[in-house]
1. Taking segment 18-53 only, how many residues are hydrophobic (A, V, I, L, M, F, W, C), within 9 Å of the ligand (Cβ to nearest atom), part of a loop (DSSP other than H, G, I, E, B) and touching a residue at least 40 places away in the same chain (Cβ under 8 Å)?
2. Quick test of your reading of the structure: Val62 fulfils all but one of (1) away from the ligand (no atom under 16 Å from the Cβ); (2) surrounded by fewer than 14 Cβ atoms within 10 Å (Cβ to Cβ); (3) hydrophobic (A, V, I, L, M, F, W, C). Name the failing condition by number.
Amino acid sequence: MKEKGPLGLTIAALRALLWHGARGICPKCGRGRMFRSHFQIHRECPECGVVLQPYAGDSLGVYAVCYFLTVIATVLVMAAAYLLFHVTSPYTYLGLFSVTSGLILFGLFPNMKGIWIAFVYLLTGLRRQL
Ligand SMILES: [Zn+2]
């Protein structure tokens, strides 16, 4: 028997859905690219036509996902710097925090935004009216 997660999805299906989002692929059809450039998203999926951000409040969710994933990854990098290299200077940590969080935030922005869109798809099916 397959293990079921929230909303009756199998864990594998939930993981596949979020993985599609992280790769910038439409969570509904699994074929269309969500982004036309690094920071610009298509209004609709070029393959299936689903509106990718149908709700006005979507930006807040994107900010939350970006913030938490960036902070978690940055803290892990800083912990690794402490454990592996025994860094003690607060200025080094300040610089490390700034550079690491900036690289993660701007470098992985489409991946994190895609995760949010996949999450919204999981909750709403990306329908305009619930
Ligand atoms: Zn699609």
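A short reminder: the numbers here are calculations on the coordinates, not readings from a lab. Because the structure is a prediction, the values reported are computed rather than measured. Backbone-built Cβ (ideal geometry, glycine too); neighbour counts: all protein chains shown.
1. Applying the first criterion (hydrophobic (A, V, I, L, M, F, W, C)) to segment 18-53 yields 18-19, 22, 25-26, 29, 34-35, 39, 41, 45, 48, 50-52.
From what's left, within 9 Å of the ligand (Cβ to nearest atom): 25-26, 29, 34, 45, 48, 50, 52.
So of that shortlist, the ones also part of a loop (DSSP other than H, G, I, E, B) come out as 26, 29, 34, 45, 48, 50, 52.
Filter once more, so that each one left must be touching a residue at least 40 places away in the same chain (Cβ under 8 Å): 34, 50, 52.
Within segment 18-53, residues that are hydrophobic (A, V, I, L, M, F, W, C), within 9 Å of the ligand (Cβ to nearest atom), part of a loop (DSSP other than H, G, I, E, B) and touching a residue at least 40 places away in the same chain (Cβ under 8 Å) number 3.
2. Evaluating Val62 over (1) away from the ligand (no atom under 16 Å from the Cβ); (2) surrounded by fewer than 14 Cβ atoms within 10 Å (Cβ to Cβ); (3) hydrophobic (A, V, I, L, M, F, W, C) leaves (2) as the failure.
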